[in-house]
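Asks: The structure is given below, and queries will be raised subsequently.
The values are calculated or read from the model by the stated rules, or taken from the named source; none is laboratory data. None of these values were measured; they are calculated from a predicted model. FYI the Cβ positions are ideal-geometry reconstructions off the backbone, even for glycines, and counts take in every protein chain you see. SASA here: full protein model, heavy atoms, side chains in, ligands and nucleic acids out. Shrake-Rupley method; radii C 1.70, N 1.55, O 1.52, S 1.80 Å.
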Amino acid sequence: EITFHKAYYEKNWKRFHSAMESVTHCRDALTSCSYLEDSTCIIEGYKFYGSPWTPSFCDWAYNVERGDNSKKIWWKRKEDTEILITHGPPLGYGDQVPSESTRAGCLDLLNVGENVKPLYHIYGHVHEGYGVYSNGTTTFVNASTCTKDYKPTNEPIVFDLPRKK
């Protein structure tokens, strides 16, 4: 995601690459998929909303300060979202970072989710929180592929949605 966030990448590319990549070229390399950046798409009748933003944590791309700035981002989403996909978790669902004795989840994102009540909220970012959680209305899926040691060994999490008529 670092090459997709133009402002971040232009300042930080040396941290990751020996030569600067073209943001446009990187985005254009995505084919046969839908990249959701604060946008929606419909798949098999289900409305998906996706956003890469997450509260500031470890100086990564698409970080946003908690409070008014994150509220502005999260309240852009659509009321009828059925599947919410974000980079980071909402507060309290797969967001515990034991090494820092803190939670990395976003309260504003949790509040939006409680208002929208999507069927699923899928995210990653906090590797230690990998797994499936529920509040009785929404199924929260921390689908991080990597472990806390950045080893991509977490199993994929698969779920089925009933066909819409």
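Asks: Restricting segment 106-129 to residues that are more than 13 Å from the chain's Cα centre (by Cα) and open to solvent by 30 Å² or more (accessible area, probe 1.4 Å), which is nearest to PRO156 (Cα to Cα)?
Replies: Per the criteria, the residue is GLU128.
Asks: Further, regarding this structure: For the list (1) crowded, with 17+ Cβ neighbours inside 10 Å; (2) within 30 Å of LYS14 (Cβ to Cβ), I need the number of the one condition that LEU84 fails.
Replies: Among (1) crowded, with 17+ Cβ neighbours inside 10 Å; (2) within 30 Å of LYS14 (Cβ to Cβ), the lone unmet condition for LEU84 is (2).
To keep it simple, each residue is scored yes or no on (1) among the hydroxyl-bearing types (Ser, Thr, Tyr); (2) in contact with an Asp or Glu (Cβ under 9 Å, 6 or more places away or on another chain); (3) within 18 Å of THR40 (Cβ to Cβ); (4) in a loop (DSSP other than H, G, I, E, B).
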site	(1), (2), (3), (4)
LYS78	no, no, yes, yes
PRO118	no, yes, yes, yes
HIS121	no, no, yes, no
TYR133	yes, no, no, no
THR137	yes, yes, no, yes
LYS148	no, yes, no, yes
LYS151	no, no, no, yes
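Asks: If a residue must be assigned to a helix (DSSP H, G or I) and either among the basic types (Lys, Arg) or open to solvent by 90 Å² or more (accessible area, probe 1.4 Å) (or both), how many such residues does segment 1-22 contain?
Replies: 5
Asks: Do we find a residue being buried (at least 21 other Cβ atoms within 10 Å of the Cβ), modelled with pLDDT of 95 or more and either aliphatic (A, V, I, L, M) or within 17 Å of the chain's Cα centre (by Cα) (or both) anywhere in segment 151-163?
Replies: Taking every residue of segment 151-163 in turn, none turns out to be buried (at least 21 other Cβ atoms within 10 Å of the Cβ), modelled with pLDDT of 95 or more and either aliphatic (A, V, I, L, M) or within 17 Å of the chain's Cα centre (by Cα) (or both).
Asks: Additional query: Among ARG77, ARG103, which is the only one that is within 14 Å of the chain's Cα centre (by Cα), of a type in the set (Lys, Arg) and either open to solvent by less than 30 Å² (accessible area, probe 1.4 Å) or modelled with pLDDT under 90 (or both)?
Replies: None of the others qualify; the one that does is ARG77.
Asks: Show the residue pairs that are 6+ apart or on different chains and have beta-carbon atoms under 6 Å apart, the first residue being within segment 31-58 and without any contact (Cβ under 8 Å) to a residue 24 or more places away in the chain, the second being open to solvent by less than 40 Å² (accessible area, probe 1.4 Å) and in a strand (DSSP E or B).
Replies: SER34/CYS41; CYS41/PHE48; SER56/ASN63
Asks: Mind checking whether some residue in segment 23-39 is outside any strand (DSSP E or B), surrounded by 12 or more Cβ atoms within 10 Å (Cβ to Cβ), touching a Ser or Thr at 6+ places or on another chain (Cβ under 7 Å) and at positive phi?
Replies: For segment 23-39, residues outside any strand (DSSP E or B), surrounded by 12 or more Cβ atoms within 10 Å (Cβ to Cβ), touching a Ser or Thr at 6+ places or on another chain (Cβ under 7 Å) and at positive phi: present.
Asks: Among the residues of segment 102-139, what is the count of those that are more than 22 Å from LYS72 (Cα to Cα) and in contact with a helix residue (DSSP H, G or I) (Cβ under 9 Å, 6 or more places away or on another chain)?
Replies: 4
Asks: Then there is this: Out of the residues in segment 46-69 that are open to solvent by less than 40 Å² (accessible area, probe 1.4 Å) and more than 13 Å from the chain's Cα centre (by Cα), which is nearest to GLU10 (Cα to Cα)?
Replies: The qualifying residue nearest to GLU10 (Cα to Cα) is GLY67.
Asks: Right, next: May I ask you to say which residue of THR145, THR137 is open to solvent by 70 Å² or more (accessible area, probe 1.4 Å), free of Cβ contacts under 8 Å to residues at least 60 places away in the same chain and within 17 Å of PRO52 (Cβ to Cβ)?
Replies: Residue meeting the stated conditions: THR145.
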